[in-house]
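A.B. asks: Just dropping this structure here.
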Amino acid sequence: MLPGSGSGARIIRTPTDMVEAMPMAWPFNKVGNMSYYEHEVVGHPDVELGLCGERQVRYRIHGAEQAGSGLVVYIPGFGGDLGAYSQVFCEKVAAQHGMAALCVDYFCMRSRPAVGAAISLLPEERERALALLGLPAKTPDIALLRVLDGVQPAAPLRFQGVLVPPDGAYQNFGVMAALDILNAIEDAMLRYGGNRDNLILVGSSYGGYLAQLVNKFRPGYARALFDNSSWAEPNLAYVVGRDIGAVEYQCSLQGGVELALCVDSPWRMVAGHPHEFDVDAFIIRAFSASQLDQMAAQGGTQTFCLMVHAIHDAIAPADAKLAMARAMLARDFNAELILFDESSVDGEFIRNMEHGMGLSMLQFFAQGLTLLVERSPAFTATHAAEVTLHAGHSVYQLNFANPEVRLQRQRIEA
């Protein structure tokens, strides 16, 4: 049993026991005695909107010499597990569990100010700020924000803007990032002789969602997937937040001025727009019954999928995750969902009931490995050269015949 799964935990284990209330390189480097390398792979172009061509995607692998025992892929989300945390996780997993561990700088990963995203006010908001401060129209964004940082408003003062990731990235929400991760995994497998029968994906929040999407795009490729608090379907606030009046990220400047921000996204919630986030785009990023059917038919049921979630998560609704887990179990997926409530907070494994639960990902990983021995003692990865997913009036075809994963999207007329 996972730590913290006290009286408030609910566990989904089998189709007959649906919900059970539980009594709760490039350069070579070294960290200590553990080596790591950095490599680049070619990033996949945007086949949906055509706005981004091939890119260079960097990944970092720790304990590469241990890849023959297994490969752990840590996928950070948008929160505190970016940057140094993901490196520490990989270092410790490689040192403590005898497997290689890698992390990928996937498309649009650096979409927060702390990791390189720039802040730009919306045009009308910029004009309002310039007028308020008496600054000239040509004032650069960075200078405007520096002045705003020193403003101490007597009444609440709020501006809307966008977060602009570095290197021309934008919010694609999932597809391009998942392809980056798949390409990095395949490169590491080939480069270091990785054990294809012991690939484990780990992620929290958006990172957990990407782990699920990687598993969807290549069913049966991973032995296990450990997912903390991810979405069962796209969170529209992150995709088309400006169109629906939602805020993705809020912060306060030093003097008290508030900023309400969304990551720069070309997707629009406007019917007929060239970049409309239509039903097809939503479906391919979700885990509906029809999508799970297609995954199951292509080998997806054998991956052990361990999911943990706060029962009152305000960002990734638990009801949707519960429905996803039930649908998986009804199709014989090797899946388990544990829902936690306030009584599960122990200050060590689970620190709070907010999104992500302040969960110790290292403890989660260790406990997941223990369950994995029970739930998937023997696993053989699928070796399919192609995966085809139908999403509305679109067909997404992934080709794995070559080392670089390729995706094609074809629209089918109604």
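A.B. asks: Within the range 371-394, count every residue that is crowded, with 16+ Cβ neighbours inside 10 Å, hydrophobic (A, V, I, L, M, F, W, C) and out of contact with any Asp or Glu (no Cβ under 6 Å at 6 or more places or on another chain).
C.D. replies: 5
A.B. asks: Of all residues in the range 309-337, count the ones that are part of a helix (DSSP H, G or I) and over 19 Å from ASN228 (Cα atoms).
C.D. replies: Total meeting the criteria: 1.
A.B. asks: I'd like to know if the range 107-114 contains one or more residues that are touching a Phe, Trp or Tyr at 6+ places or on another chain (Cβ under 7 Å), among the aliphatic types (A, V, I, L, M) and not in a helix (DSSP H, G or I).
C.D. replies: no
A.B. asks: Considering only the range 371-379, I want to know if a residue exists there that is under 30 Å from HIS312 (Cβ atoms) and at pLDDT 95 or above.
C.D. replies: Scanning the range 371-379, I find at least one residue that is under 30 Å from HIS312 (Cβ atoms) and at pLDDT 95 or above, so the answer is yes.
A.B. asks: Additional query: Give me a count of the residues in the range 350-370 that are among the charged types (D, E, K, R) and touching an Asp or Glu at 6+ places or on another chain (Cβ under 9 Å).
C.D. replies: 1
A.B. asks: I would also like to ask the following. In the range 181-205, how many residues are under 15 Å from the mean Cα position of the chain (by Cα) and under 20 Å from MET295 (Cβ atoms)?
C.D. replies: Of the residues in that region, 6 qualify.
A.B. asks: Among what's in the range 62-93 and is among the β-branched types (Val, Ile, Thr) and either in contact with a Gly (Cβ under 7 Å, 6 or more places away or on another chain) or closer than 18 Å to PHE107 by Cα (or both), pick the residue that is surrounded by the most Cβ atoms within 10 Å (Cβ to Cβ).
C.D. replies: The extreme case among them is ILE75.
For (1) buried (at least 20 other Cβ atoms within 10 Å of the Cβ); (2) of a type outside the set (Asp, Glu), each residue gets a yes or a no:
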| residue | (1), (2) |
| --- | --- |
| ALA129 | yes, yes |
| ALA137 | no, yes |
| GLY161 | yes, yes |
| ALA177 | yes, yes |
| SER204 | yes, yes |
| PRO219 | yes, yes |
| GLU233 | no, no |
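A.B. asks: Could you tell me which of the residues MET357, MET328, MET324, MET295 is buried (at least 17 other Cβ atoms within 10 Å of the Cβ) and on the phi > 0 side of the Ramachandran plot?
C.D. replies: After ruling out the rest, the residue left standing is MET357.
A.B. asks: For the range 159-216, what are the residues that are closer than 22 Å to ASN228 by Cβ and of a type in the set (Val, Ile, Thr)?
C.D. replies: Matches in the range 159-216: VAL175, ILE181, ILE185, ILE200, VAL202, VAL214.
A.B. asks: Let me ask something additional. Of all residues in the range 257-308, count the ones that are assigned to a loop (DSSP other than H, G, I, E, B), within 19 Å of MET324 (Cβ to Cβ) and of a type in the set (Ser, Thr, Tyr).
C.D. replies: Number of matching residues: 2.
A.B. asks: Still on this structure, I have one more. So, in the range 141-168, of the ones that are touching an Asp or Glu at 6+ places or on another chain (Cβ under 8 Å) and outside any strand (DSSP E or B), which residue ends up nearest to GLY203 (Cα to Cα)?
C.D. replies: Among those residues, the one meeting the criterion is PRO165.
The values are calculated or read from the model by the stated rules, or taken from the named source; none is laboratory data. None of these values were measured; they are calculated from a predicted model. Reconstructed Cβ throughout: ideal geometry from the backbone, glycine too, with neighbour counts over all protein chains shown.
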